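Input: a single structure, listed below in structure tokens.
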Amino acid sequence: MWDYTEKVKDLFLNPKNVGEIEDADAVGEVGSITCGDALRLSIKLDDEGRIADARFKTFGCASAIASSSVLTELIKGMTLEEASHISNRDIADALGGLPEEKMHCSVMGMEALEAAIANYRGDTPSQDAMEEGELVCKCFGVTDTRIRRVIRENDLKTVEQVTNYTKAGGACTSCIMDIEDILGEELKAREKLIAQKPREEPPKRKLTNLQKISMIQQVVNEEIKPRLKNDGGDIELVDIDGNNVVVSLRGMCTGCMSAPLTIGYIQERLREYVSPELSVVVDQG
């Protein structure tokens, strides 16, 4: 038995907005009774272009009915543009989650919504666009175009997940090798895209004064002092005034011709390890 949430159980036993709007402004149909799941979604808009009513007729399991019901509740009050951003993940999350083996029900809800919006706009129905491409799963009528889209939008990584989200390969399994090939191509494309994406450095959190002082002292004592002492020099931390770090050079560093380079090195290390806003100032006292 599937591990359904209480929300799924309740909407299966007591679904909301069942039926059809006779004078609907938009209708979306997806699936097929012969394939096991089908959904007809009808929508009515108010004078401001917002969804005033949404109803559904679903042929399918408990997850399909619950997904359809919660979808109608999610989109009420939205404009079609706002509703167009509803994903199958939004539907599943609104139910408190779905067993992964039933995620195809949330996908069906998303596709029905897309088909209804396309119907209202006079565009090619989303389902027709989805079914373009080469037929991969004959049992459930799933094309390579649909499989690729679901892989990308849900970050799928295994053939089992593809079956859970599309039902492809869930009957006779003769298309499993084709699904493996498609998945392999999509995973390679995903890896290539990630490799090309510039690496973003995580934003550095703002330091308190105490944290900044402590980190400066640590870098001076553990990073800078040992380096200078190796060359017979030394450094004394005199003061920290805002972002100005006042230091005094000691030992061989005193009066050295390379003192400006030494100060530059100290400033570079402090900016790297503590804050890029720091400046090193030599004590003249």
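Considered as a group, the residues in the stretch 117-145 that are in a helix (DSSP H, G or I), modelled with pLDDT of 90 or more and among the charged types (D, E, K, R) include one that is surrounded by the fewest Cβ atoms within 10 Å (Cβ to Cβ), and that residue is Arg121. Residues that are open to solvent by less than 100 Å² (accessible area, probe 1.4 Å), among the aliphatic types (A, V, I, L, M), outside any helix (DSSP H, G or I) and under 30 Å from Cys139 (Cα atoms) occur at least once in the stretch 163-186. Residue pairs whose Cβ atoms lie under 6 Å apart, sitting 6 or more positions apart in sequence or on different chains, and linking a residue in the stretch 61-86 that is over 13 Å from Met110 (Cα atoms) and touching a residue at least 24 places away in the same chain (Cβ under 8 Å) to a partner that is among the charged types (D, E, K, R) and open to solvent by less than 40 Å² (accessible area, probe 1.4 Å), are Ser63/Lys102. Checking each residue in the stretch 241-272 for being exposed (fewer than 12 other Cβ atoms within 10 Å of the Cβ) and more than 51 Å from the chain's Cα centre (by Cα) picks out Thr254, Gly255, Met257.
The values are calculated or read from the model by the stated rules, or taken from the named source; none is laboratory data. Computed from a predicted structure; not experimentally measured. Every residue, glycine as well, gets a Cβ built from its backbone with ideal geometry; the counts of neighbours run over all protein chains shown. Heavy atoms of the whole protein, side chains included, go into the accessibility calculation; ligands, DNA and RNA do not. Shrake-Rupley method; radii C 1.70, N 1.55, O 1.52, S 1.80 Å.
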